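Before any comments, here is the structure.
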Amino acid sequence: MPAEPLAPSVVEMRGITIRFPGVLALDGVDFTLRAGEVHSLMGENGAGKSTLIKALTGEYPIDEGSITVGGAARIFRGTADAQNAGIATVYQEVNLCANLSVGENVMLGHEPRRRGLINWKAAHAEAARHLANLGVYIDPRSSLASHSIAVQQLVAISRAMVIDAKALILDEPTSSLDRGEVEQLFTVIRSLRESGVAVLFVSHFLDQVFEISDRLTVLRNGKLVGEYAAAHVTRAEVVSAMIGRELDELTAISSSAERTIDRDAAPVLRATDLSRKGALEPVDVDVYDGEVVGIAGLLGSGRTELARLLYGADRADTGSIQMHGTAKRVTSPHNAIENHIAFSSEDRRAEGIVGDLTVAENIVLGIQARRGWLRKVSRTERDAVVAEYMTALGVRPADPNALTRNLSGGNQQKVLLARWLATAPELLILDEPTRGIDIGAKADIQRKVAELSDRGLSVIFISSELEEVLRLAQRVVVLRDRRKIGELTSHDTDVDALIAFIAEGNPAVQENVA
Amino acid sequence: MIGILSNVVSGILTKVSGFFGRRSAWIPVFAALGILVVMMVGAQVRFGNFLTPRLVSSLLLDNAYLMILAVGMTFVILTGGIDLSVGSVLAFTGILGARMLVEGAPVAVVIPVMIVGGSLVGLLIGVLVQFFDVQPFIASLAGLFLARGLAFVVSLSSIPVVEPSIVWLQSTRFSFGGWYITPTGIIAILVVVAAALVLGYTRFGRTIYAIGGSEQSARLMGLPVMRTRLLAYVVSGTCAGLAGVVFAASVGAYPLNGVGTELDTIAAVVIGGTLLSGGSGFVVGSMIGVLVYGTIKGIISFLGAESSWARITVGALLLTFVVVQRAIVARSTRRR
Amino acid sequence: MMRILKHRLTWPIAALLVLVLINTLSRASFLQVTTLNGEFHGSLIDILRNSAMLMLVALGMTVVIATRGIDLSVGAIMAVSGAVALTFIESSPTPGDLSTVAIGIVLGTLVALVLGAWNGFLVAVLGIQPIIATLVLMLAGRGIALLITSGKITTINSPPYRFMAQGYVFGLPFAFYVSIAAVVIIVLLERRTALGVLTEAVGINPVASRLAGVRSRGIIWGAYIASGALAGIAGILYSSNIMAADANNAGLFIELDAILAVVLGGTSLAGGKFSLAGTVIGVFTIQTLKTTITFIGVPPAITPVFMAVVVMIVVLVQSRRLRSGVARLVRSVRPTPPARPDLEVTP
């Protein structure tokens, strides 16, 4: 049901700007949430979705702009302020206390008291009433941990009803729910909408967004791209708004996508039926000598999970891996490095660099880890390796003794690339290597990947920027909802077709595959 | 007849299983109770004269101070913290009180000063933890040093406590049959009951559990995390101050009193089923943990074995509980 | 100048120098070294000798803390190793023989090493919090030591054993050489091999280290083994000093002094980067502080108050919250252009 004419606004955010050291996380974003609507906030990683939500829940202070709730201007100094203003939030990783009962989680901080002591009987009765309003009939005395994530999510929504929320934020509520549970949640969301609650919905599942939303707001790189009525926009339009078009500077990079790959020899890596419960359905992947295989799909499609399974960072439940036709067991990262597989994580700060070590130490860490602690990479060897890769990749500042955490994102990424190249890998897995870095560093990294594959290195390249995937990869594996839905050859497709494929899972496109 | 009986039994069984289904956090408490019962019955079978009213009564008498400390420690551990200062605070407040009495201060002033002295050390630790992000371990370590040193500042040697009203706390025995209880024992039980009420029936108490369960969630739920955690350390300090009064009443005041008591306290709390990661546990469990600790000491002395066996046994028991806790936590995180 | 001020050993060294200065000003004899039978004597020499035990323990503690851990059991391990060594020597028919003493020392150290391995097993394999894992041995260790000595204070008469703590070589206490040897071995082990940098990597960012292929389990385990073994040697020194195995008092509170020495030396309790040189300075600072306190007429029993104040100052200085608060204060007074990460280069 389209929300026209527009209902009164519950939340108005105007010109919201938030800066982090060195990053402009939100740049003058406007956002309006109206009574009785479900409004989806969309954007890829780093687009500023979660920052905007945290500004609204009072977790981050805003540097510029204004927030108006129910007509009154507000300044949130903490989550309690936002809650008092009538804004309640349900997070992806259900922020409740699993050690307490269902009823307590609903009522915590609002328990009815008699002579100073909590009246548990009344508290549980009230909790049961709030749960029943959402169609949840469970014992409020039961422990929260004994219920599924879906039920926990409904408990969290009940809690929001206790504080009589005017606006309800649902941040990735469906990411760990199955189909039936999603239906149950949607029923609740629809009934909340009927009762006039404004719902802000965030999900990376396009189908769900289109099923439940009245309106959509798309962010990219901390900026507002646009606001759309869900009924008047196509999926492909939304995906292309999220992903955007790159600057011409990058398109000048020589395309390696046209190169032909010799697929007669055994592939460098062949993974068969690789799967892990809750992360990835069985997937097959081949990578040949000197080939760049792109993995495309939205956030949460299983692209990172696939990379982690190939590298042994997570244990696969099923599947096997062959390298050059020989079966290998890759059970740990150390194991993978010994087999000449390298992996650069999408989360550069948390899973990539070791911030308090110097650039030089970070670069040789991979080689050192493979050798073990006893045989230290000698000073001369280290200096040679570090100098070679710092020059080749253009790391700035060109000081091997700088602390890695003080480098910019792009240079940290180059340091990581240097670490992996120094281990002389046969297969390099790059997960979002160009995310959140400036355009110059992005071009450097793309150029380097193209050059390396020309010289025979096999690469798995994961990126949410489809243009760069199509430019670098000869072949693109497309994932959707934790499944492989097909493979495309780059020169037979373009960004629009790829977007359509990701958005619709259109089998017609799949038939074009050679 | 048999039908009725089996009905009753099955009724009880459903009730019990329903209870455990809802309240799995009580399982370790009952495990500790089971261990306590097994030890006591085992000792009775072995020695024949272990479970006498006199001996069981003395269990509470001898461990009253430890019970009070364990109650305070339970608050802190439930928030996911730890308080190493309690043994030193007990010594400090004890010697401070004894010195004040020698100087002629009235008891009505001395006892509140002792208790507040403990609260202040707790407050200091809480401020370091809450406002300066100092790890609880280190902050309370500073508290340990400070209180121990201050104890020596007050007096370098022991001071006997002769004040009648304080000695009365320990020497008076309200007897019934062969059983008896001292005022210190009553204080300990009152502290346990009061703490159980606070933890179970006040918003402050429930917020302590919420912080231990997930501090982030508690914050996002809009609960007063800052104030509550600060208060948890104040409660622990206050309990240590009170334990100082009780300890001074029973053995007098000596600046080296209670060295290592913080370890005994932590062990008793953990054995009583409180998770060191916070969020799960009960003061009643801590009380049982203290009784387990006391019984082990009793059995060792009955056996005439080296008293060092007590510490080893407690250490082994602590290890067992921690490993089991670890296994439970690992399983529940995997399930999620 | 700024470079010197920012070097992380600057403040620890300054603190030590201030202490030495206070001592020298209050009594001229502090720096005096006299010779007696070719042996040097004096306050400084005493500090060198008395700091040996703390040095050994603090070295191990440094490595453990670097892995984000802590080892509370070092004092108890000292008690055990002393008990093992002395019980063996006492029961031997030839307690005065060098070989007997050597076997006793090796035995004591080996048992300590095994206890360290036990700690490492609990932490690295079972994944128990380091504080709790080592608390178990802290509780039980002294009891085990008492069992070994059958509850009494075992005393021996063995000149070679006495030499460990009380002997002199080339005019300096033998114990000092032991601690220096330990420093050299640990420095070589950590800095000549890749152990040090891998330990730091694990302590700074365990997740990234694992993904870089570092096998952190072995590294953490090794840290606790080293800590145990070093505490074992410290225990031998302690028992040699009093020629008795005193299970109740051997290494009492030394874990606290050791943690303090590590922190004073500039190693963060949060793990990661560690400084062995800093720890050495921290150990000397603590030993000098203790000597100072005794000298200015404060009863040694009150030392903990000073320790508490030092701990609080150090943790407050290390506190991120306080630092950022001060930084914000400075910024509000003197506005600076926003940081440009590309240009941020550490000196």
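Stretched out straight at 0.36 nm per residue, the stretch from A:ARG235 to A:ASN84 would grow longer than its current Cα-Cα span by 50.7 nm. The convex hull around the C-alpha trace of region B:164-280, projected and averaged over every direction, spans 9.3 square nanometres. The chymotrypsin sites (Phe, Trp or Tyr not before Pro) of region C:121-179 that meet both conditions, a loop assignment by DSSP and at most 10 other Cβ atoms within 10 Å of the site Cβ, are C:PHE170.
Average partner chain C-beta neighbours within 10 Å, per residue of B:161-173? Intermediate results must be reported in sequence, preceding the final value.
Working: counts 0, 0, 0, 0, 0, 0, 0, 0, 0, 0, 0, 0, 0.
Average per residue, whole number: 0.
Projecting label points 7 angstrom from Cα along Cα→Cβ for A:GLU281 and A:GLU227 puts them 3.7 nm apart. Between A:ARG315 and B:ILE186, what's the calculated FRET efficiency when r is the beta-carbon distance and R0 is 45 Å? Round to 0.05. The computed FRET efficiency comes out at 0.20.
For region B:112-201, compute Rh as the Kirkwood radius over C-alpha pairs and then the Stokes-Einstein diffusion coefficient at 25 °C and 0.890 mPa s; write the answer in µm²/s, rounded to an integer. All intermediate terms of the calculation are to be shown ahead of the outcome.
Values: Rh = 16.4 Å.
After rounding, the answer is 150 µm²/s.
In plain terms, the bigger the Kirkwood radius, the slower the diffusion; for region A:9-243, with that radius from Cα pairs, at 10 °C and 1.306 mPa s, Stokes-Einstein puts D at 87 µm²/s. Label positions at A:THR391 and A:SER195, each projected 7 Å from the Cα along the C-beta direction, are separated by 6.9 nm.
Taking 7 Å steps out from each Cα toward its Cβ at B:ILE27 and C:ARG27 produces label points 6.2 nm apart. Entry note: region A:312-394 has Rg to Rh equal to 1.02, where both radii use alpha-carbon atoms and Rh is the Kirkwood radius. Our note on the geometry: Cα centres of region C:101-162 and region A:13-86, 57 Å apart.
Note on region C:152-195: along the principal axes its Cα atoms extend 43, 32, 11 Å, ordered by decreasing extent.
Rg/Rh for chain C to two decimals, with Rh computed the Kirkwood way over all alpha-carbon pairs.
Values: Rg = 21.5 Å, Rh = 21.4 Å.
Using Cα coordinates only, the ratio equals 1.01.
Counting residues in region A:354-424 as N, plug N into 2.2 N^0.38 Å and put the Cα Rg over that result. Write down the numbers at each step before the final one.
Details: Rg = 11.0 Å, N = 71, 2.2 N^0.38 = 11.1 Å.
Dividing the Cα Rg of region A:354-424 by 2.2 N^0.38 Å gives 0.99.
So if R0 is 45 Å, what FRET efficiency would A:THR260 and C:VAL207 give, r being the distance between their Cβ atoms, rounded to the nearest 0.05? Don't skip to the answer; put the middle values down first.
Values: r = 39 Å, r/R0 = 0.87.
Efficiency at R0 = 45 Å is approximately 0.70.
Close amide H partners of A:VAL225, meaning residues 5 or more places away or on another chain with modelled amide H under 5 Å apart, are A:VAL218, A:LEU219, A:ARG220. Put the Cα centre of region B:109-150 next to the Cα centre of region A:275-324 and the gap is 53 Å. For chain A, the gyration tensor built on C-alpha atoms gives a prolate shape. Its axis ratio a/c (a ≥ b ≥ c) is at least 1.5, and a/b is the larger of a/b and b/c.
Of A:LYS414/A:LYS442; A:LYS442/A:LYS484; A:LYS54/A:LYS223, which ones are farther than 19 Å apart at the Cα? Exceeds cut-off: A:LYS442/A:LYS484. A Gaussian network model of chain C, with springs between Cα atoms under 10 Å, assigns the largest mean-square fluctuation among C:LEU147, C:LEU230, C:LEU276 to C:LEU147. In the protein assembly as shown, a dipole from Cβ-located charges (positive for Lys and Arg, negative for Asp and Glu) runs towards its positive end, and of A:GLN413, A:ASN84, B:LEU66 it is B:LEU66 whose Cα lies farthest in that direction.
Expressed to the nearest 5 percent, the antiparallel share of DSSP beta bridges inside the protein assembly as shown is 65 percent. Extents of region C:98-248, taken as max minus min of Cα coordinates on every principal axis and listed largest first, are 55, 38, 22 Å. Here chain A is assigned +1 on the Cβ of each Lys and Arg and -1 on the Cβ of each Asp and Glu. Its dipole about the Cα centre then comes out at about 1800 debye. Note that region C:61-68 has calculated 3J(HN,Hα) couplings of 4, 4, 5, 5, 5, 4, 7, 6 Hz, one per residue in order, obtained from phi through the Karplus relation 6.51 cos²θ - 1.76 cosθ + 1.60 (θ = phi - 60°); glycine and proline are x. Just to be sure I understand: with springs between alpha-carbon atoms less than 10 Å apart, which residue in B:GLY281, B:GLY315, B:GLY118 has the highest mean-square fluctuation in the Gaussian network model of chain B? Evaluated over chain B, the most mobile residue of the options is B:GLY315. Its alpha carbons considered, region A:77-185 gives a radius of gyration followed by a Dmax of 13.6, 46 Å. Taking one equal scatterer on every alpha-carbon of region B:249-307, how large is log10 of I(q)/I(0) by Debye at q = 0.12 1/Å? Debye curve over Cα of region B:249-307, log10 I(q)/I(0) at q = 0.12 Å⁻¹: -0.38. Each residue in A:ARG74, A:ARG114 was given a count of other beta-carbon atoms within 10 angstrom of its own, and listing them fewest first yields A:ARG114, A:ARG74. Annotation for region B:175-242 versus region A:348-366: alpha-carbon center distance of 45 Å. As a ratio to 2.2 N^0.38 Å, the alpha-carbon radius of gyration computed for region C:69-125 takes the value 1.31. In summary, the convex hull built on the alpha carbon positions of the protein assembly as shown has an orientation-averaged projected area of 55.1 nm². If R0 equals 41 Å, the separation of the Cβ atoms of B:VAL251 and A:ARG77 corresponds to a calculated FRET efficiency of about 0.20. Placing +1 on the Cβ of every Lys and Arg and -1 on the Cβ of every Asp and Glu, with nothing else charged, gives region A:9-243 a dipole about its Cα centre of roughly 680 debye. Considering only B:ALA240, B:GLY289, B:ALA327, the residue lying farthest towards the positive end of the dipole of region B:233-336 is B:ALA327, judged by Cα position with unit charges set on Cβ.
Values in this text are rule-based calculations from the coordinates and carry no lab data. Please read these numbers as outputs of a predicted model, since none were measured by experiment. We place every Cβ from the backbone using ideal geometry, glycine too, and count neighbours over all the protein chains shown.
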